[in-house]
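The values are calculated or read from the model by the stated rules, or taken from the named source; none is laboratory data. None of these values were measured; they are calculated from a predicted model. Quick reminder, even Gly has a Cβ in these numbers, built from the backbone with ideal geometry, and neighbours come from all protein chains shown. These accessible areas exclude ligands, DNA and RNA; they are computed on the full protein's heavy atoms, side chains included. Shrake-Rupley method; radii C 1.70, N 1.55, O 1.52, S 1.80 Å.
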Amino acid sequence: MTIGVVGLGYVGLPLAVAFAEAGNTVVGVDVDARVTQALAEGRSHIEDVPDEALRAAGERLRTTTRYAELAKVDAIVVAVPTPLTQNREPDLQPLIATGTALAGVLQAGQLVVLESTTYPGTTRERFAPLLEESGLAAGRDFFLAFSPERIDPGRTDYTLRTTPKIVGGLTEECRRRAVELYEQICDAIVPLTTPEAAELTKLLENVFRSVNIALVNELAILCDRMDIDVWEVVEAAATKPYGFMSFKPGPGMGGHCLPVDPFYLSWRAREFDMQTEFIELAGEVNQRMPYFCVERIARALNDHAKPVRGSRVAIMGVSYKAGSGDMRESPAMKIMRLLREQGAEVLYHDDFVPELPDLGLRSEWPEQADCVVIVTAHPDLDVERLVRESELLVDFRGVTRGIEAPNLVRL
């Protein structure tokens, strides 16, 4: 087959490489010419896709900014961003722009699959009409399906191939063709009856995590007030062999999915006169965590007779997850900005993020810091060294469990 992939980010690029590795010819389209040029030269900007994988794909994968080159492909997979506006409402502008551009090149018999996370009804009510501006009818002249991405950057135990693939088609034939497409690169396919069911499945997965993380984060704040070790409580509850799933507290949620996707569902629910109170409350709790963390840092400094203003505070780990340099929606950035607003001198160390241009900082090991804060605990973090060398260490990830020291404060 010849397959087009629109959007060469953390979802689209792994898909493009996987289809190429399966023996297909792949045309990758991205609006950023710098991205397409770098990929053409064998330089990847995605951690999960090493440069060697691009070179191995060779001529089977070519990149371009021109949608016109998709006119002769058999299938088109769309993996463009679906962010939020400043008012935390769905921003479908990238998707709308893509649908409009595809309408100008769409051919009869082509399959189009949307992978971008969105609210139920988007594929049928928003994306299909854009594509039908081509004069072709969805489900009759061309085939349309929704298959949500399930990418967890940096993860190696569950990959694109080994993670079951959800597929919902506009019609039965749409679903069948989409299943055939993904069977090339995924070991297990889970066909659903409609695109709406597939769209909601993705949101449920992320809402489930968001609500449970909010629950344990709220518990962490309560434990702080009650002087109870939240980590001990969570670990003890996890010994129950049924009826409990362990979630860990932290400084807030990051990445594209959890801080964003639940709001797509709560926004859509309002159109049906429904207030999704659990979802919105969970979002509020998780957004509040960076503020609580800054408050906790301030109290820790105060206990050592130091104010936030003028103190040198070092942040250990600024990416949103361990073992990755992914900075999307990272709570560390919010914590650093809040500390700066209170007059602290902020520095950071992260082997995966060499510099933060927006803050004018480069990664450095904390020397002579008044307070060191573990925000993201990368796998190779030398915790014992931090405890030994730090004047004051605040741990928001529980990686110092089992260590007792007068200079150590845990969430």
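Overview of results
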quantity	calculated
Relative contact order (%) - the chain, alpha-carbon pairs under 8 angstrom, separation at least six	10 percent
In the chain, lysine pairs with alpha-carbon atoms under 17 angstrom apart (chain gap of 8 or more, or interchain)	4
Scattering profile of the chain at q = 0.09, 0.13 Å⁻¹ [log10 I(q)/I(0), Debye over alpha-carbon scatterers]	-0.62, -1.13
Cβ-derived FRET efficiency at R0 30 Å, THR159 paired with GLU89, nearest 0.05	0.35
Accessible surface, 1.4 Å probe, highest first, among residues ILE228, ILE403	ILE228, ILE403
Heavy-atom accessible surface of the chain: percent carbon and sulfur, 1.4 Å	51 percent
Student exercise, the chain dipole from Lys, Arg, Asp, Glu Cβ charges, in Debye to nearest 20	280 debye
Accessible area (Å², per residue) of the chain, counting only protein heavy atoms and a probe of 1.4 Å	46 Å²
